[in-house]
Amino acid sequence: MKILLLNQVFYPDVAATAQHLRELAPALVEQGHEVTVVCARRAYEHPEQLYPARETWQGVQIHRVYSTSFGKRAKWRRAADFASFIVTSCARLLLLPRHDVVVALTTPPLISFIGAWRAKLWRAKFCYWVMDMNPDEAIAAGWLRGDSVMAKMLERMSRFSFRRASWIIALDRFMRDRIVAKGIAPEKIAVLSPWSQDQDVRFDAAGRNEFRAKHGLQDKYVVMYSGNHSPVHPLDTLMQAAEQLRSDAAIVFCFVGGGSEFKRVQRWAETGKRTNVLCLPYQPLAQLSASLSAADAHVVVMGNAMLGLVHPCKIYNMLAVGAPVIYIGPQPSHVTEILERPGVEYPWCSVRHGEGKILAERIQQLRLHVAPRQCPASLAAVFAKDVLLPRIIAGIEQTSLT
């Protein structure tokens, strides 16, 4: 079977969707399928870096297309970069031979629309792996007016993707409910969470010590937010807690990653001369275990309006390194449902947005809790790659038979 994977980021990029696709694609090849990927040449966080236009990697045929590199400093810049990738992707898709199945993700927003149309013209099956929901997310974030002509047009494109899909992967039950509310048949939606990066992320005691020594974190209690810094994951409450605990030299708040809000956090730390705040760029995949293991508590954030529109993927790698969890966001959510599972005893705390003072108190309490750095077996089994990846492969294969 010939399978096309369509997404802006792929190997060797380190963005979350790239990491999951880089494990799905070779696994499909191992099952005897011909796999082609269409993605962007530019690195997601460092657009000045260009990957080869054509490459064969672990049996996967990779076609990387051109896109502009205006960056994320303004919405028009991001829109131009997205649009250029979509245009060049369309051109490349016109030149490809027919595939049996098209699998599209959601980077950039609504690339699934292109995948759905290509599948329709090929008379192929279409699978939609929904990593986030747009234009719903853009409207909820205030980037787009819900009653605007653009919003209505994008919504029609989104619904076409859902209707055309033979199989849809939603990341949690809240996302599934959002999709069903659009009139999509529940029976063609599977709820499959992203898996933790089992091969790349684990508790690394030696790496922890090395990372902490390198960044002057010895004898510190490290509260870490690692990943994409985005307005949909508002960090103000965490920053308020850092301000509350500014006089406590034993606690350091470490912000690791990138995204449109990362520079704002950097400026806040630098201009306020906050010595209890450390900002670091995305860490290479080979060093991810070390950086994540270096934290004494990890933070996962979800905006109040984002429930079911985005998914808190960070939680899986937190569990993989056995780190205590600090959750900031609406309740219930996928995060609270994981940590409140019957029989699960795991160190964590939660607050709602705006409760910076309460969060500071909870961090002080969590600091006193010493627990083994190991994810409970009941949770590890649910979110392991060896469990979830075969289910996605089976779903794609089954789609081709219907």
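The values are calculated or read from the model by the stated rules, or taken from the named source; none is laboratory data. Note that the structure is predicted; figures quoted are calculated from it, not measured. Quick reminder, even Gly has a Cβ in these numbers, built from the backbone with ideal geometry, and neighbours come from all protein chains shown.
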Flagged in segment 172-207 as farther than 23 Å from Ala384 by Cα and in a loop (DSSP other than H, G, I, E, B), in numbering order, are Ala181, Lys182, Gly183, Ile184, Ala185
How about segment 34-52: which of its residues are among the charged types (D, E, K, R) and within 18 Å of Leu5 (Cα to Cα)? Glu34, Arg41, Arg42
Every residue from segment 125-156 that is touching a residue at least 40 places away in the same chain (Cβ under 8 Å) and of a type in the set (A, V, I, L, M, F, W, C): Phe126, Cys127, Trp129, Val130, Met131, Met133, Ala140, Ala141, Trp143, Leu154
Determine which single condition Val277 fails, assuming it passes every other condition in (1) in contact with a helix residue (DSSP H, G or I) (Cβ under 6 Å, 6 or more places away or on another chain); (2) in contact (Cβ under 8 Å) with a residue 60 or more places away in the chain. (2)
Within segment 191-228, can you find the residues that are closer than 26 Å to Asp248 by Cα, surrounded by fewer than 21 Cβ atoms within 10 Å (Cβ to Cβ) and aromatic (Phe, Trp, Tyr)? Tyr221
Given the conditions (1) out of contact with any Phe, Trp or Tyr (no Cβ under 6 Å at 6 or more places or on another chain); (2) touching a residue at least 60 places away in the same chain (Cβ under 8 Å), report the number of the one that Lys263 does not fulfil. (2)
Among the residues of segment 354-402, which ones are more than 21 Å from the chain's Cα centre (by Cα), among the aliphatic types (A, V, I, L, M) and loosely packed, with under 15 Cβ neighbours inside 10 Å? Leu368, Val370, Ala371, Ala377, Ala394, Leu401
Working only within segment 88-101, note down all residues that are outside any loop (DSSP other than H, G, I, E, B), surrounded by fewer than 19 Cβ atoms within 10 Å (Cβ to Cβ) and either in contact (Cβ under 8 Å) with a residue 24 or more places away in the chain or not assigned by TED's automatic domain parsing to the domain that holds Met153 (or both). Cys90, Ala91, Arg92
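So which of Gln283, Gln287 ends up being outside any helix (DSSP H, G or I), of a type in the set (S, T, N, Q) and either out of contact with any strand residue (DSSP E or B) (no Cβ under 6 Å at 6 or more places or on another chain) or at pLDDT below 95 (or both)?
The conditions single out Gln283.
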From (1) in a loop (DSSP other than H, G, I, E, B); (2) over 21 Å from Ile315 (Cβ atoms), pick out the condition that doesn't hold for Pro234. (2)
Out of curiosity, is Ser166 surrounded by 23 or more Cβ atoms within 10 Å (Cβ to Cβ) and in contact with a Ser or Thr (Cβ under 9 Å, 6 or more places away or on another chain)? no
Just the residues that are touching a residue at least 40 places away in the same chain (Cβ under 8 Å) and of a type outside the set (Lys, Arg), please, taken from segment 365-381. Leu366, His369, Ala371, Pro372, Gln374, Cys375, Leu379, Ala380
Name the pairs whose Cβ atoms lie under 8 Å apart, with the first residue in segment 17-38 and over 15 Å from His99 (Cβ atoms), the second of a type in the set (Asp, Glu), and 6 or more positions between them or separate chains? Gln19/Asp200; Gln31/Glu397
Could you list, in sequence order, the residues of segment 19-54 that are exposed (fewer than 15 other Cβ atoms within 10 Å of the Cβ), charged (D, E, K, R) and at pLDDT 95 or above? Glu30, Arg54
